[in-house]
Amino acid sequence: MSTFRKWPSFLALAMVIPGCGSGVITTAYLSEPDTIGYHSYGPEGAAPGTCWGVEFTPAVIETVTEHHVLTPETTQPDGTVLPATYRTSTRQEMVQDRGEKWFETPCERDLTPDFIASLQRALQLRGYLRGSTDGVLDVRTKRAIQEFQRDFGLDSDVLSMRAARQLGLVAYGREEFGVTPSPESAKDQK
């Protein structure tokens, strides 16, 4: 079963707003999904055997419209007013580049129905999920994951390893607490 989402093609939105003044700036966003899904590869330097998700931040483009006076308004000797003439120029400027934020996730093979049911119970206890714990990674579960993760700055419905640890679903490693295993204990683990 694949959890990859289909995502829409890129969409650029640009608006030109006519009006008075020297210029109008309109912000546009390139629309794309916040995540693609679970990956067995990750960013450069990712440890082998780890799985990753990615959150995209869209590019921000501003459309700048400027009105330049070519000839000012003039009044003829007979009182007739000749209106000013303008030239309008429009340009687009990239304000923020598209970004991506990689985060470690439990691997897709580990997302068993039992694991998902435990995830659902943990989200229910914290008030993020309502309904039954059926062990299915459905839309309501993904929304609950996204709401939970939003609280610490990750706007994704792909379960991060950080969220899994905070929910008590995955154990913390000793290295994460600044404890480096001694050579003897490393031998014992082999």
For this session: Confirm whether GLY37 is closer than 22 Å to ASP155 by Cβ, modelled with pLDDT of 85 or more and not basic (Lys, Arg).
Result: no
For this session: Determine if the stretch 134-146 includes at least one residue that is within 27 Å of THR57 (Cα to Cα), among the small types (Gly, Ala, Ser) and in contact (Cβ under 8 Å) with a residue 12 or more places away in the chain.
Result: yes
Exercise. Condition test on TRP52, is it surrounded by 11 or more Cβ atoms within 10 Å (Cβ to Cβ), farther than 20 Å from LEU169 by Cα and touching a Phe, Trp or Tyr at 6+ places or on another chain (Cβ under 6 Å)?
Worked result: no
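Okay, residues lined up against (1) among the β-branched types (Val, Ile, Thr); (2) over 25 Å from GLU55 (Cα atoms); (3) modelled with pLDDT of 90 or more:
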{"residue": "THR133", "(1), (2), (3)": "yes, yes, yes"}
{"residue": "VAL139", "(1), (2), (3)": "yes, no, yes"}
{"residue": "ALA144", "(1), (2), (3)": "no, no, yes"}
{"residue": "LEU167", "(1), (2), (3)": "no, no, yes"}
{"residue": "SER185", "(1), (2), (3)": "no, yes, no"}
Problem set entry | Residue, nearest to ALA171 (Cα to Cα), within the stretch 117-158, restricted to residues that are aliphatic (A, V, I, L, M) and more than 23 Å from the chain's Cα centre (by Cα) | ALA122
For this session: Hey, could you check the stretch 98-148 for residues that are in contact with a Pro (Cβ under 8 Å, 6 or more places away or on another chain) and not in a loop (DSSP other than H, G, I, E, B) and say which is surrounded by the most Cβ atoms within 10 Å (Cβ to Cβ)?
Result: PHE115
Problem set entry | Matching residues in the stretch 149-168 - criterion: being touching a residue at least 24 places away in the same chain (Cβ under 8 Å) and either assigned to a helix (DSSP H, G or I) or basic (Lys, Arg) (or both) | MET161, ARG162, ALA164
Exercise. If ARG91 satisfies every condition in (1) in a strand (DSSP E or B); (2) surrounded by 12 or more Cβ atoms within 10 Å (Cβ to Cβ) but one, which is the exception?
Worked result: (2)
For this session: Please enumerate the residues belonging to the stretch 60-84 that are touching an Asp or Glu at 6+ places or on another chain (Cβ under 6 Å) and surrounded by 15 or more Cβ atoms within 10 Å (Cβ to Cβ).
Result: GLU62
Problem set entry | the stretch 85-132, residues that are among the aromatic types (Phe, Trp, Tyr) and in contact (Cβ under 8 Å) with a residue 60 or more places away in the chain | TRP102
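The values are calculated or read from the model by the stated rules, or taken from the named source; none is laboratory data. Everything numeric here is computed off the predicted structure, so don't read it as measured data. Using ideal geometry, Cβ is built from the backbone for each residue, glycine included, and neighbour counts are taken over all protein chains shown.
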